[in-house]
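Heads up: the structure comes next, in structure tokens.
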Amino acid sequence: MKVEFYYSSKDEPAMQFHCDNKKALALCEQLKAKGVSIVVQDCSQQPVAFKTYNSAVTGPSASKRAVFGAKGALEEDMGKTVPALLVFPKDGDRYPEEVFPRSDKDLGRLIGVEEALQNLINMA
């Protein structure tokens, strides 16, 4: 598995997609300590590449797609006002299997980045 976390050290996350970036970074370190390949990018220094954004909105199945796209956050929000977590099955995969934050129909609520990271740590 490979995990990518995009956030901004300068932008405050939007209220509807709130994420405690410091806690998320600590959770990323815990996941890395369990042997998971993880990439962390501060988007205040370097924006998310379009191909990464595109893979986040087209790669996962519709039920596991993020809040990005026509009805949610825009490309320029990804990694800035909306921290994003991409989960790939294997290190070399082009498209993520899951993207967070996302609305979960089974749970009837939003699954945020921190909750997703904690779930990955529990499974690793």
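The values are calculated or read from the model by the stated rules, or taken from the named source; none is laboratory data. Keep in mind it's a predicted model, so treat the numbers as computed, not measured. Here the Cβ positions follow ideal geometry from the backbone for every residue, glycine too, while neighbour counts run over all protein chains shown.
List of remarks:
- Every condition in (1) of a type in the set (A, V, I, L, M); (2) modelled with pLDDT of 85 or more; (3) touching a helix residue (DSSP H, G or I) at 6+ places or on another chain (Cβ under 6 Å) holds for Val87 except the one numbered (3).
- Cβ pairs under 9 Å, 6+ apart, first in the range 23-41 and farther than 18 Å from Pro89 by Cβ and among the polar types (S, T, N, Q), second modelled with pLDDT of 95 or more and part of a helix (DSSP H, G or I): Gln30/Leu117; Gln30/Gln118; Gln30/Ile121
- Yes/no for Ala24 being farther than 13 Å from Gly79 by Cα and among the hydrophobic types (A, V, I, L, M, F, W, C): no
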